[in-house]
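The values are calculated or read from the model by the stated rules, or taken from the named source; none is laboratory data. Just so it is clear, the model here is predicted, and its values are computed rather than measured. Don't worry about glycine lacking a Cβ; one is built from the backbone with ideal geometry, like all the others, and counts go over all protein chains shown. What goes into the accessible areas is simple: the full protein's heavy atoms, side chains included, and nothing from ligands, DNA or RNA. Shrake-Rupley method; radii C 1.70, N 1.55, O 1.52, S 1.80 Å.
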Amino acid sequence: MVIKKIAIFGATGKTGLTTLAQAVQAGYEVTVLVRDPSRLPPEGPQPAHVIVGDVRKAADVDKTVTGQDAVVILLGTGNDLSPTTVMSEGAQNIVAAMKAHGVDKVVACTSAFLLWDPAKVPPRLQNVTDDHIRMHKVLQESGLKYVAVMPPHIGDEPLTGAYSVTVDGRGPSRVISKHDLGHFMLHCLTTDEYNGHNTYPSHQYE
């Protein structure tokens with residue numbers, strides 16, 4: 001099936017904004033669920049549909065997922081590193097809505113810490129990583145076509161499209177730009193090769 005209509009969760013975050021712009025430019029019909037629509041860019045590529053709500057509310061998620069061909073998850077907590085269940089609760093609602101509406105492809109971003117020895121996760125990032133782990137488990141056990149994207153440090157370097165992708169392991173570099181990360185998330189919609197795998201996109205920037 002050719003994917004044309006997608007929902008993006010977390011579209012106002014650092015990676016979310018560039019993924020949204022690239023998706024619109026690539027011709028996808030994009031629906032976003034946002035708590036605060038003022039955080040969407042005032043100009044440039046715009047989503048086709050904006051739903052104001054909360055990923056922790058099942059009805060808001062259901063409204064966002066209905067009619068889609070696939071889902072992209074870029075949920076995060078920004079600079080808030082306190083204990084959270086936003087990502088895992090959101091994932092539970094997203095999985096339920098996808099099953100209810102017959103949507104079976106999901107590409108979700110967690111972090112490379114899920115590929116590391118858990119003892120080596122920096123203590124200040126432990127709370128967010130714990131919820132990434134819970135979210136990953138929800139998606140893994142969902143029976144959906146799930147691509148797990150586990151990036152290293154996300155930088156602000158320009159889009160190259162020339163990054164490498166390591167499957168089920170860590171790759172050659174410890175950084176990926178937010179633009180290349182968004183590019184890869186969207187690339188995963190066009191192929192089944194990464195379904196059911198952990199992927200680590202990285203690049204040696206100049």
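If you scan the range 144-185, which residues turn out to be charged (D, E, K, R) and touching a residue at least 24 places away in the same chain (Cβ under 8 Å)? Correct list: LYS145, GLU157, ASP168, ARG170, ARG174, LYS178.
If you go through the range 26-50 and keep only what is in a helix (DSSP H, G or I) and either buried (at least 22 other Cβ atoms within 10 Å of the Cβ) or among the charged types (D, E, K, R) (or both), you end up with just ARG39.
Against the condition modelled with pLDDT of 95 or more, buried (at least 17 other Cβ atoms within 10 Å of the Cβ), under 19 Å from ILE176 (Cα atoms) and under 17 Å from the mean Cα position of the chain (by Cα), how does PRO151 come out, does it pass? Walk me through how you get there before you give the answer.
On the way: modelled with pLDDT of 95 or more: yes; buried (at least 17 other Cβ atoms within 10 Å of the Cβ): yes; under 19 Å from ILE176 (Cα atoms): yes; under 17 Å from the mean Cα position of the chain (by Cα): yes.
It is true that PRO151 is modelled with pLDDT of 95 or more, buried (at least 17 other Cβ atoms within 10 Å of the Cβ), under 19 Å from ILE176 (Cα atoms) and under 17 Å from the mean Cα position of the chain (by Cα).
When only residues in the range 73-85 that are open to solvent by 30 Å² or more (accessible area, probe 1.4 Å) and in contact (Cβ under 8 Å) with a residue 24 or more places away in the chain count, which is nearest to LEU189 (Cα to Cα)? Applying the filter and picking the extreme gives GLY76. For the range 1-25, give me each residue that is under 22 Å from THR190 (Cβ atoms), open to solvent by 20 Å² or more (accessible area, probe 1.4 Å) and touching a helix residue (DSSP H, G or I) at 6+ places or on another chain (Cβ under 6 Å). Of everything in the range 1-25, those that are under 22 Å from THR190 (Cβ atoms), open to solvent by 20 Å² or more (accessible area, probe 1.4 Å) and touching a helix residue (DSSP H, G or I) at 6+ places or on another chain (Cβ under 6 Å) turn out to be ILE3, GLN22. Evaluation of GLN68 against the conditions (1) part of a strand (DSSP E or B); (2) over 30 Å from PRO122 (Cα atoms); (3) under 16 Å from the mean Cα position of the chain (by Cα); (4) not hydroxyl-bearing (Ser, Thr, Tyr) shows that the sole unmet condition is (1). Looking at the range 114-199, the strands (runs of 3 or more DSSP E) lying wholly inside it that each contain 3 or more residues that are in contact with a strand residue (DSSP E or B) (Cβ under 8 Å, 6 or more places away or on another chain) and either farther than 24 Å from ALA23 by Cβ or among the β-branched types (Val, Ile, Thr) (or both) sit at 164-167.
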